[in-house]
Amino acid sequence: TIRGGQQLPDDGGAEAITPPIEDTSVQNFAQDPTSIQPVAEQNGSPTISSDWSKNAKISNFKERAPPALLMLSATYLFLRFSGEKGLIGLILVMQTAMYSEAVSVVDGHNTKKGLGSIDEIASFPFQKWWWFATVLATTSIRSIVTKYTSLSNEKMSFVAFGMSAIGLVWAVVQLAMVNSISTEETYRNFLEKVACCHFSLLFLVGQSSFWIKTVQEYGLIWVLFPAFLVIVNDTMAYIFGVLLGKHKLIPRLSPKKTVEGFVGAGLSTLAVAVPLLKRMHGDSVTSDTPRHAIILALYVSLVSPFGGFLASAVKRAHGAKDFGRLIPGHGGVVDRFDCQVVTAPFVYLYLKNFFNVGRFSASD
């Protein structure tokens with residue numbers, strides 16, 4: 001059959017209708033003005049204007065730099081006067097904020113999809129914070145309580161197990177009380193949220209709790225040194241990406257990351273690691289100091305960035321540009337510490353197994 005100059009399939013008169021392609025450029029621009037990029041013609045093919053891309057990145061860098069410097073200065077002053085106990089308190093606040101941001105991203109996505117009306121588990125907002133308290137009792141709070149009180153690890157383990165058992169019974173009873181025509185959908189929606197909460201607890205709260213163990217057993221310096229390495233790596237990845245970036249590293253997950261940025265950041269991190277650790281150690285430098293610095297720098301360069309890539313995947317899956325808006329130009333706490341939390345367990349376990357130098361105090 002010929003209609004309008006187009007040959008249609010001979011299927012009894014049925015036409016193959018191609019659905020219109022949705023133009024999401026306006027929506028993307030509302031979320032991120034830099035997502036709409038001017039296009040130039042090169043050999044008959046459209047290419048992204050490199051001048052525009054570089055100018056946009058420089059403008060973004062100028063926006064991000066002042067809040068970053070302000071945050072670093074405030075953290076320095078806070079730790080200068082509060083020391084290790086102040087850092088432990090700050091970690092607890094960060095864990096609460098990161099967990100809240102992560103579950104809020106998923107809740108917001110479900111609300112946009114209209115799944116919020118399906119959820120009939122009225123106690124879920126309380127349950128998710130009960131699970132948070134349970135994991136804290138198992139990790140961060142456990143380290144603090146056993147350090148500064150007479151409670152033993154065994155007693156804290158019993159408390160945490162009791163909280164876990166209560167959470168289990170509570171969740172199952174609530175599921176059993178569901179009475180609606182969409183019971184299966186309610187179960188599915190609830191279990192998806194449970195999976196999100198527990199993954200957030202494992203990835204964010206569980207890993208960051210190693211900071212507390214590190215500062216208690218090895219001193220403040222072994223939390224700050226890896227944190228500075230991550231900051232150097234993240235900053236240099238951005239700078240090398242702006243100046244030299246041409247090849248996308250993981251375009252589907254994080255389109256702005258480039259191979260040049262990844263390699264340049266790694267070399268820069270390795271270059272500053274040894275002098276930075278020697279500077280922070282002062283008179284306590286040993287012959288093993290360069291080895292420790294290089295090993296931590298390698299991990300920060302090769303593994304830690306994947307925490308950021310995973311966070312990008314979570315945001316992309318749930319249609320979010322950032323996890324929050326707490327830090328102008330940076331997003332939320334998760335956006336700023338997604339690579340840091342991946343580093344925390346390695347630093348503690350490395351020191352536990354291969355470090356034989358004395359503890360460094362806050363004054364050092």
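The values are calculated or read from the model by the stated rules, or taken from the named source; none is laboratory data. No experiment lies behind these values; they were computed from the predicted model shown. Neighbour counts run over all protein chains shown; Cβ positions are idealised from the backbone, glycine included. The accessibility values were calculated without ligands, DNA or RNA, using every heavy atom of the protein model including side chains. Shrake-Rupley method; radii C 1.70, N 1.55, O 1.52, S 1.80 Å.
Taking the protein heavy atoms of the stretch 133-187 in the context of the full set of protein chains, the accessible area attributed to carbon and sulfur is 69 percent at 1.4 Å.
Averaged over residues, the count of other Cβ atoms within 10 Å places the peptides 157-163, 127-133, 216-222, 67-73 in the sequence 216-222, 127-133, 157-163, 67-73, highest first.
For the stretch 140-281, compute Rh as the Kirkwood radius over C-alpha pairs and then the Stokes-Einstein diffusion coefficient at 37 °C and 0.692 mPa s; write the answer in µm²/s, rounded to an integer.
Working: Rh = 19.7 Å.
D = 167 µm²/s.
The packing ranking, built from the mean of other Cβ atoms within 10 Å per residue, places the peptides 83-90, 200-207 in the order 200-207, 83-90, highest first.
So, R0 is 45 Å and r is the distance between the beta-carbons of Thr183 and Thr146; what FRET efficiency does that work out to, to 0.05?
Numbers: r = 43 Å, r/R0 = 0.97.
The formula returns an efficiency of 0.55 here.
Amide H to amide H distances under 5 Å link Phe323 with Gly332, Asp335, where only residues 5 or more positions off or on other chains count and H is placed in the peptide plane.
State in Å² the accessible area per residue of the stretch 208-341; use a 1.4 Å probe, count heavy atoms of protein chains only, and round to the nearest integer. Intermediate results must be reported in sequence, preceding the final value.
Numbers: 5990 Å² over 134 residues.
It amounts to 45 Å² per residue over the stretch 208-341.
Over 21 Å between Cα atoms: which of Lys246/Lys315; Lys248/Lys315; Lys257/Lys315; Lys85/Lys278; Lys256/Lys315 fall into that group? Pairs exceeding the cut-off: Lys246/Lys315; Lys85/Lys278. Near Gly167, once Lys and Arg are set to +1 and Asp and Glu to -1 for all other residues with Cβ below 15 Å from its Cβ, the sum equals +2.
Summarising the amide proton neighbourhood of Ile250: residues at separation of 5 or more, or on other chains, whose placed amide H is nearer than 5 Å comprise Lys257.
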